[in-house]
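Colleague: Take this structure, written in structure tokens, and hold onto it; I'll ask about it next.
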Number of protein chains: 2
Amino acid sequence: MGATNGAGNEPHFQILGTRPIRHDGVEKVTGQACYGADVHLPGMLHAKVLRSPHAHARICRIDTSAAEAMPGVKAVVVGADLPEITPGFEQVGEMPIQFRDLSENVLARDKVFYDGHALAAVAAISPHVAEEALGRIEVEYEVLPAAMDLKAAMAPDAPILHPTMRTQGGPPKDEPTNVASAFQFERGDLAAAFEKADVIVEREFDTGTVHQGYIEPPNVVAKVDADGQVTLWCSTQGPFDIRGLSARLLDLPLSKIRVIPTEIGGGFGGKTTVYLEPIAILLARRSGRPVKMVMSREEVLRASGPTSGSHIRVKMGATRDGRITGVDCWFGYEAGAYPGSPVGPGGMASLAPYDFEALRVEGYDVVVNRPKVSAYRAPGTTNAAFAVESVVDELAGELGLDPIDLRLCNASREGTAAPAGTAFGPIGLVELLEAAKAHDHWTSPLVDPPANGATRRRGRGFACGFWFNGGLQSSATVGLNPDGTATVVTGSPDIGGTRTACAMIAAEELGLPVDRVRPVVADTDSIGYTDVTGGSRVAMATGLAVLQAAQDVKQQLCARAARGWRISPDEVHIEDGDVVGPDGSRKTPAEIAASAGRTGGPIVGRATLSAHKIAAPSFAGLIVDVDVDVETGKVDIVRATALQDAGRAIHPSYVEGQMQGGTVQGIGWALNEEYVYDEAGRLQNPGFLDYRMPVANDLPMIEAVILEVPNPAHPLGVRGVGEVPIVPPPGAIANAIHRATGVRMRQLPMSPPRVLAALDDAD
Amino acid sequence: MGATNGAGNEPHFQILGTRPIRHDGVEKVTGQACYGADVHLPGMLHAKVLRSPHAHARICRIDTSAAEAMPGVKAVVVGADLPEITPGFEQVGEMPIQFRDLSENVLARDKVFYDGHALAAVAAISPHVAEEALGRIEVEYEVLPAAMDLKAAMAPDAPILHPTMRTQGGPPKDEPTNVASAFQFERGDLAAAFEKADVIVEREFDTGTVHQGYIEPPNVVAKVDADGQVTLWCSTQGPFDIRGLSARLLDLPLSKIRVIPTEIGGGFGGKTTVYLEPIAILLARRSGRPVKMVMSREEVLRASGPTSGSHIRVKMGATRDGRITGVDCWFGYEAGAYPGSPVGPGGMASLAPYDFEALRVEGYDVVVNRPKVSAYRAPGTTNAAFAVESVVDELAGELGLDPIDLRLCNASREGTAAPAGTAFGPIGLVELLEAAKAHDHWTSPLVDPPANGATRRRGRGFACGFWFNGGLQSSATVGLNPDGTATVVTGSPDIGGTRTACAMIAAEELGLPVDRVRPVVADTDSIGYTDVTGGSRVAMATGLAVLQAAQDVKQQLCARAARGWRISPDEVHIEDGDVVGPDGSRKTPAEIAASAGRTGGPIVGRATLSAHKIAAPSFAGLIVDVDVDVETGKVDIVRATALQDAGRAIHPSYVEGQMQGGTVQGIGWALNEEYVYDEAGRLQNPGFLDYRMPVANDLPMIEAVILEVPNPAHPLGVRGVGEVPIVPPPGAIANAIHRATGVRMRQLPMSPPRVLAALDDAD
């Protein structure tokens, strides 16, 4: 019996839902896994990037001659070495991309737009020589006033970053602006909805810039042969994206670039675009030698894409009996130096848990003199949900209702119109809210902080969150070895255990022990096109491709066995992994594989798919207890319980890991993380000592409660689990702080000075 | 229109038959290609092998403690560290293998069987430390008498290598022997055939041990993770074979080993088995660090597999009118230390050009105290053809016939019973002989050697040759990139231009320029099972898999386009690479590929096959003019014309390259190459100064004449071209020496001292 089951039959899996040791685990914990920085080629050079010290400046002159003359320097490149690209959007797969912006973000041309903006690079015989040579590049800047945040950028007299920019999507206005685009979305009669409401809450929120904080900095080794053939080794979530973007920026056909993804030490959305790769290719081409580049932590924070800071206004009304009637939101998101914040999806996703009669959403994508933002786990949703979940909580308070009850009363369920209008299929939010309400963490009374905590106040909060989950394209092959073991090949870099999930899916389908299945992440030349590891799509979409490829193997096994028995393939079936004939004769896959040379050649299953009709959303919730130290403003997480609808948990430990990891990142965003710029627009905390991410001793064990409301479009019911757990924490913690202290925090991070100030204000 | 054509229609190809620049050419000539010795991993150790200085000895004691205690030494292994294996044959795919022998050849147990036999290995922080540590391993030998060649090994009082060995296949005899196996094959009434003959020639021949002489020595880097997962980088013709052999020798499932084939600097059959790989795995496992091993040239010659030395007797009769009636042959082949010479295929192949009424073949596989032989280009055929083609030439002389006429008169053709009995399909021997006979080289008169060559005598000879060509299994995938370029993935290491041949086949089928197709040789985890690059099978079998995978892509293109037009796939067709609808609308592959995400996902074609019913044999011939210096015995090649039936020449330059390269290796075998052992059984010439291979200035330009008699079982007509050109040279040169001097050389190599001695004898 295979892994797939028709709807209605509770499937009985042998392997799915168990917790085998991950295939890449030992390699990683023993330090043997090969990360980008471990790649070493003969004759390899090391390159470093010259970065702008100014937030906004015109490059008047750039002279690299002294650097080029330095002994040990083998190549120098500047922005002019990249091909010119006509401005405008180009459709790449399902994404519109402004390649001109991307190119200028890789190496600035006329202007630099943020502290850390790359403008030249040097390849030399050692990183130290390269570093020293950077100091010999002479740059003459004309420093310009900077628009450091949304407010400044939207002010009437704001310094304009891109003089040709006109707002897309808003009322047509032919004047320079920093508002790259605007959208408005309305559904239902909002005025009537607010009219009907007994209580209306309207609040404003601000959230800071935060970084994904992956541990491994971006890196690349580029090798360019004399005929222009490029090989890249790099840490990326999307090797095919790196290939596509690099090819476009350098005007190369895709077949000229091979991207070999190394192991990846975290990405969280941040490793989905190019920073170093085109530079490394240029330098390797020019020097004729392989070139390695690794960002320092300072470069990571100054120059790779963080998420958007935002200003948000939410107005929500509800009737006395707990029915939320309507919502009116204003979302302004910082895009960084070039357009492209996640204001659209983030804003919409924050509203998805609720069934609004009427809603109105207004959104603005605004350029500021900060690094161009990149995706970060459920892009744009965490900060928006902080606002929405705070307002929902405040409504519950006004109405005297349990906050989970209020959410249950208004929860989206199958048939509810999602914010953008289409109806949800079966979703697990109601189940999740009911599980939260019944959970011991929610039902047990708050105990007082310990005796030494006289200044500590304890409170409990809840919030929920939503993420769409992506579909996109995946390819997989499953090869049966002559001894009956199998190899699963995908093009999805493994950032959350998906290698093992794919191996489990193949093992389940083929009736093999999971350790006899070898999962491999192949390079872009060795597997069919596969979209980015992101959007919580890999276990769902790539996993489905693996399932189909394994089914293809089974069909071939049946055909081969039937051929041996001289009967039709229809007459055989598979039982416990073996092919069984009508007379009960059996052949194991190993037997069939061993004789494949005499029955038609190797047995290789293959599948490619586009999963956009298969993807299904997921919901998460967080119950959190905090202690607020009213003397210092420090907030400690005392207990945390994360709940999530996984659809189907292929490997529950990794689902729990994703839930815990996402929760921790949400906690960091909520309490500590933010970019701090000085007056001149220079980043003041580009390091992990000053950019404060939570570490183990900041946190309690986070309990993870997995719910399984299967995705009916997926044969295994998988939804995707990676992103949504980051969404609830800021809202839940803000709500808990309010319960503890009576103070509503409406700015992220809720760091000690801010909490203290809010407490002082309240006094 | 696609690349395939039905029989009878002369196909019109755009790309096949042209000579594009090879895809890997620039990388190789600029030194950027990554060979095994270029692989460098962090923390890597270097290992060296302790080898026996004796041809035959018992290992009484081996003490590695001093080596292990040496600073910098990280691991030491001896034979006992390899798992014990029960003697006996095991079927691996289509090959029976004695794994016990293979294991002992990797690391000796109780006895060493040849000078150079490995018995221990040391991994250390540098090759020098490892080398020094080898000297600290104490080994106590009991030196035994050695059987250094076939004659000695078959003598009644011969030292016995393996006391339990009994001859397989001969008359049963329960006594120790060095004759591992014997076979007899008879067809027709031989006595009657010789009765009928007017002339009978019976001669004996001896040929020495020669080595493939690949430039790049065997090498490996092994990485073993703490959970036992193995990755190997190595220079090999068969990554799946290395995986399978290593797995069996170390008792691992196939899924635990990934073999990444690096570029290969020659193989010629010699890189199809394991020498270093299991040792490197053991050392890496024991030390916990990656281990690199590279053989020195001395090790290559002393310890890797050369080809068989042989003793051959051929008796052949013919009638006055040039009809060869029967042949009676005796082939004794040296197997080296363990059984497994190519006496069977080699002996049979040497007879295949002729249509004998009756034949009798007797063959012996004999172990001797030399390294275990390995395959070498048309294994076992060159030395046998030297004998057969010499006798045919002598018959022609006796009969007063042109030697090509005699061959034409007796040539195998479609329907002729091949030596082992089955009838040939369409083959190109008659066409080849007619082309040779008509060639300017054959028809133009011999000119005298130049004036300064008063001691030189000039002669012309001809010989032909046959090789079966292998089928075996191959896999291929063809991925269409979103910009319409394509990637071709195979598992066949490229030793003769097959990467480009595969790209050309895909380009032809897909209507793409060949430089928009990227051919890739993938590792064993990233492509379906694929047999060795050997048997002249890759362009034929892997090429066919590529063709089928490209056809699979075309089908998908049609289906996607039809879907877009909302018609049935039957209603569209492909024209000049584009999909064309019934109303003349067109879609390019690039357009279809760019929107694949909306039409069902990535487009990847796949094929696996077993080609044993598709393989077809090929024939070669060589016309050669030689100058024999009667004072020194030195033979110079003055002019050489190689002819060969390629079936279909995908890339004529590579076919010519194979013909020229094979001819040169045959010339080396004919004139200079041989293993020279001293009395004690130590190899005296383990280096390229003393083991004399032909270099460019030894040779004239070799003209290559390609004939194309299509293989009807193959849609492109391909036969395979790599091996057969090595077969004719020794016979052709011996025949030319006879024409020049009147002397028949019946021993290889026909080196100056031997030629001089033969001239002296004739005087």
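The values are calculated or read from the model by the stated rules, or taken from the named source; none is laboratory data. This structure is a prediction, so every number in the text was calculated from the model and none was measured. Glycine also receives a Cβ, built like all others from the backbone with ideal geometry; neighbour counts cover every protein chain displayed.
Colleague: Are any of the residues in the stretch B:690-699 basic (K, R) and either surrounded by fewer than 21 Cβ atoms within 10 Å (Cβ to Cβ) or farther than 20 Å from B:P353 by Cα (or both)? Even if it seems obvious, please write down each step before you answer.
Modeller: Taking the stretch B:690-699 and keeping what is basic (K, R), we get B:692.
Imposing the further condition that a residue be either surrounded by fewer than 21 Cβ atoms within 10 Å (Cβ to Cβ) or farther than 20 Å from B:P353 by Cα (or both) reduces the set to B:692.
Looking through the stretch B:690-699, at least one residue is basic (K, R) and either surrounded by fewer than 21 Cβ atoms within 10 Å (Cβ to Cβ) or farther than 20 Å from B:P353 by Cα (or both).
Colleague: To continue, here is another question. Please specify each residue of the stretch B:735-763 satisfying the condition of being within 32 Å of the chain's Cα centre (by Cα) and charged (D, E, K, R).
Modeller: Matches in the stretch B:735-763: B:R739, B:R744, B:R746, B:R754.
Colleague: Right, something else. Would you be able to say whether some residue in the stretch B:516-524 is surrounded by 24 or more Cβ atoms within 10 Å (Cβ to Cβ), of a type outside the set (D, E) and in a loop (DSSP other than H, G, I, E, B)?
Modeller: yes
Colleague: I've got another one for you. Kindly provide the set of residues from the stretch A:597-629 that are within 14 Å of chain B (Cβ to nearest Cβ) and assigned to a strand (DSSP E or B), ordered by number.
Modeller: Of the residues in the stretch A:597-629, the ones within 14 Å of chain B (Cβ to nearest Cβ) are A:597-615.
Across the stretch A:597-629, the qualifying residues are A:V604, A:G605, A:R606, A:A607, A:T608, A:L609, A:S610.
Colleague: Which numbered condition trips up A:D149, out of (1) under 23 Å from A:G336 (Cα atoms); (2) surrounded by fewer than 18 Cβ atoms within 10 Å (Cβ to Cβ); (3) among the acidic types (D, E)?
Modeller: Exception for A:D149: condition (2).
Colleague: As an exercise: evaluate B:I257 against (1) of a type in the set (V, I, T); (2) under 30 Å from B:E202 (Cβ atoms); (3) in contact with a helix residue (DSSP H, G or I) (Cβ under 7 Å, 6 or more places away or on another chain) and give the number of the one condition it does not meet.
Modeller: Of the numbered conditions (1) of a type in the set (V, I, T); (2) under 30 Å from B:E202 (Cβ atoms); (3) in contact with a helix residue (DSSP H, G or I) (Cβ under 7 Å, 6 or more places away or on another chain), the odd one out for B:I257 is (2).
Colleague: Among (1) touching a Phe, Trp or Tyr at 6+ places or on another chain (Cβ under 6 Å); (2) more than 30 Å from B:A385 (Cα to Cα); (3) part of a strand (DSSP E or B), there is one condition B:G332 misses while meeting the rest; what is its number?
Modeller: Unmet for B:G332, out of (1) touching a Phe, Trp or Tyr at 6+ places or on another chain (Cβ under 6 Å); (2) more than 30 Å from B:A385 (Cα to Cα); (3) part of a strand (DSSP E or B): (2).
Colleague: I've got another one for you. Does at least one position in the stretch B:20-38 carry a residue that is closer than 15 Å to B:I264 by Cβ, under 27 Å from the mean Cα position of the chain (by Cα), charged (D, E, K, R) and assigned to a loop (DSSP other than H, G, I, E, B)?
Modeller: yes
Colleague: Looking at the stretch A:606-620 only, could you name the residues that are of a type outside the set (A, V, I, L, M, F, W, C) and either at positive phi or buried (at least 24 other Cβ atoms within 10 Å of the Cβ) (or both)? Write out each step before concluding.
Modeller: We begin by selecting, within the stretch A:606-620, every residue of a type outside the set (A, V, I, L, M, F, W, C); these are A:606, A:608, A:610, A:612-613, A:617-618.
Hits for the stretch A:606-620 are A:R606, A:T608, A:P617, A:S618.
Colleague: Another question, if that's okay. Taking interchain pairs and intrachain pairs at least six residues apart, which have beta carbon atoms under 8 angstrom, with the first residue in the stretch A:386-403 and under 15 Å from A:Q747 (Cβ atoms) and aromatic (F, W, Y) and the second at pLDDT 95 or above and assigned to a loop (DSSP other than H, G, I, E, B)?
Modeller: A:F386/A:L748
Colleague: Consider only pairs whose beta carbons are under 7 Å apart and that are at least six residues apart or on different chains; among these, list those whose first residue lies in the stretch B:517-536 and is touching a residue at least 60 places away in the same chain (Cβ under 8 Å) and facing another protein chain (nearest Cβ under 7 Å) and whose second residue is surrounded by fewer than 24 Cβ atoms within 10 Å (Cβ to Cβ) and among the basic types (K, R).
Modeller: What qualifies is B:D525/B:R258.
Colleague: So, one more: Here are the criteria: (1) part of a strand (DSSP E or B); (2) at pLDDT 95 or above. Tell me which single one B:E90 does not satisfy.
Modeller: Among (1) part of a strand (DSSP E or B); (2) at pLDDT 95 or above, the lone unmet condition for B:E90 is (2).
Colleague: Can you pull out every residue in the stretch B:409-429 that is outside any loop (DSSP other than H, G, I, E, B) and surrounded by 17 or more Cβ atoms within 10 Å (Cβ to Cβ)? Break it down into steps so the answer makes sense when it comes.
Modeller: Restricting attention to the stretch B:409-429, the residues satisfying the condition of being outside any loop (DSSP other than H, G, I, E, B) are B:409-411, B:417, B:423, B:429.
Of everything in the stretch B:409-429, those that are outside any loop (DSSP other than H, G, I, E, B) and surrounded by 17 or more Cβ atoms within 10 Å (Cβ to Cβ) turn out to be B:C409, B:N410, B:A411, B:L429.
Matching residues to (1) within 26 Å of the chain's Cα centre (by Cα); (2) under 28 Å from A:D225 (Cβ atoms); (3) outside the structural domain of B:V724 (by TED's automatic domain parsing):
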site	(1), (2), (3)
B:V520	yes, yes, yes
B:I567	no, no, yes
B:P589	no, yes, yes
B:P602	no, yes, yes
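Colleague: Out of curiosity, is B:V392 touching a Leu at 6+ places or on another chain (Cβ under 7 Å), over 18 Å from B:G332 (Cβ atoms), crowded, with 23+ Cβ neighbours inside 10 Å and of a type in the set (A, V, I, L, M, F, W, C)? Write out each step before concluding.
Modeller: Working: touching a Leu at 6+ places or on another chain (Cβ under 7 Å): yes; over 18 Å from B:G332 (Cβ atoms): yes; crowded, with 23+ Cβ neighbours inside 10 Å: yes; of a type in the set (A, V, I, L, M, F, W, C): yes.
Taking the combined requirement at face value, the residue satisfies it.
Colleague: Now for a separate question. Inspect the stretch B:570-588 for any residue being within 28 Å of A:G471 (Cβ to Cβ), more than 10 Å from chain A (Cβ to nearest Cβ) and among the hydrophobic types (A, V, I, L, M, F, W, C) and give the result as yes or no.
Modeller: Yes - at least one qualifying residue is present in the stretch B:570-588.
Colleague: Anything in the stretch A:335-376 that is in a loop (DSSP other than H, G, I, E, B) and among the hydroxyl-bearing types (S, T, Y)? List them, or say none. Can you show your working first?
Modeller: Step one: of the stretch A:335-376, the residues in a loop (DSSP other than H, G, I, E, B) are A:337-342, A:352-353, A:355-357, A:368-376.
Those that are in a loop (DSSP other than H, G, I, E, B) and among the hydroxyl-bearing types (S, T, Y): A:Y338, A:S341, A:S374, A:Y376.
Colleague: Still on this model: Quick one: which residue in A:P261, A:P253 is more than 12 Å from chain B (Cβ to nearest Cβ) and either surrounded by fewer than 23 Cβ atoms within 10 Å (Cβ to Cβ) or within 23 Å of B:A486 (Cβ to Cβ) (or both)? Full working, then the answer.
Modeller: Values: A:P253 fails: more than 12 Å from chain B (Cβ to nearest Cβ).
The unique qualifying residue is A:P261.
Colleague: Further, regarding this structure: I'm trying to understand the selection: among the residues of the stretch B:447-493, which are within 14 Å of chain A (Cβ to nearest Cβ) and either part of a loop (DSSP other than H, G, I, E, B) or surrounded by fewer than 24 Cβ atoms within 10 Å (Cβ to Cβ) (or both)? Even if it seems obvious, please write down each step before you answer.
Modeller: Initially, the stretch B:447-493 is screened for residues within 14 Å of chain A (Cβ to nearest Cβ), giving B:470-492.
Correct list: B:G470, B:G471, B:L472, B:N481, B:P482, B:D483, B:G484, B:T485, B:G491, B:S492.
Colleague: Is it the case that A:A545 is touching a helix residue (DSSP H, G or I) at 6+ places or on another chain (Cβ under 9 Å), within 14 Å of chain B (Cβ to nearest Cβ) and surrounded by 24 or more Cβ atoms within 10 Å (Cβ to Cβ)? Don't jump to the end; show me each part of the working.
Modeller: Values: touching a helix residue (DSSP H, G or I) at 6+ places or on another chain (Cβ under 9 Å): yes; within 14 Å of chain B (Cβ to nearest Cβ): yes; surrounded by 24 or more Cβ atoms within 10 Å (Cβ to Cβ): yes.
Considered against the rule, which asks whether it is touching a helix residue (DSSP H, G or I) at 6+ places or on another chain (Cβ under 9 Å), within 14 Å of chain B (Cβ to nearest Cβ) and surrounded by 24 or more Cβ atoms within 10 Å (Cβ to Cβ), A:A545 comes out as yes.
Colleague: If you take the residues of the stretch B:564-580 that are touching a residue at least 12 places away in the same chain (Cβ under 8 Å) and assigned to a loop (DSSP other than H, G, I, E, B), which of them is surrounded by the most Cβ atoms within 10 Å (Cβ to Cβ)? I'd like the intermediate steps shown before the answer.
Modeller: Restricting attention to the stretch B:564-580, the residues satisfying the condition of being touching a residue at least 12 places away in the same chain (Cβ under 8 Å) are B:564-565, B:567, B:569, B:572-579.
Next cut, assigned to a loop (DSSP other than H, G, I, E, B) only: B:567, B:572, B:576-577.
On the way: B:I567: 15, B:V572: 23, B:D576: 10, B:G577: 21.
If we take residues in the stretch B:564-580 being touching a residue at least 12 places away in the same chain (Cβ under 8 Å) and assigned to a loop (DSSP other than H, G, I, E, B), then B:V572 is surrounded by the most Cβ atoms within 10 Å (Cβ to Cβ).
Colleague: For the stretch B:283-291, indicate whether the set of residues that are assigned to a strand (DSSP E or B), crowded, with 24+ Cβ neighbours inside 10 Å, of a type outside the set (S, T, Y) and not assigned by TED's automatic domain parsing to the domain that holds B:G681 is non-empty.
Modeller: Checked against the condition, which is being assigned to a strand (DSSP E or B), crowded, with 24+ Cβ neighbours inside 10 Å, of a type outside the set (S, T, Y) and not assigned by TED's automatic domain parsing to the domain that holds B:G681, the stretch B:283-291 yields at least one hit.
Colleague: Output the number of residues of the stretch A:214-237 satisfying the condition of being within 22 Å of A:G380 (Cβ to Cβ) and crowded, with 23+ Cβ neighbours inside 10 Å. It would help to see each step written out before you state the result.
Modeller: Pass one, the stretch A:214-237, residues within 22 Å of A:G380 (Cβ to Cβ): A:214, A:218, A:236-237.
Filter once more, keeping what is crowded, with 23+ Cβ neighbours inside 10 Å: A:218, A:236-237.
Here the count works out to 3.
Colleague: Still on this structure: Checking the condition away from chain A (no Cβ under 14 Å), modelled with pLDDT of 95 or more and within 28 Å of B:L301 (Cα to Cα), which residue from B:R51, B:R19 passes?
Modeller: Details: B:R19 fails: within 28 Å of B:L301 (Cα to Cα).
Residue meeting the stated conditions: B:R51.
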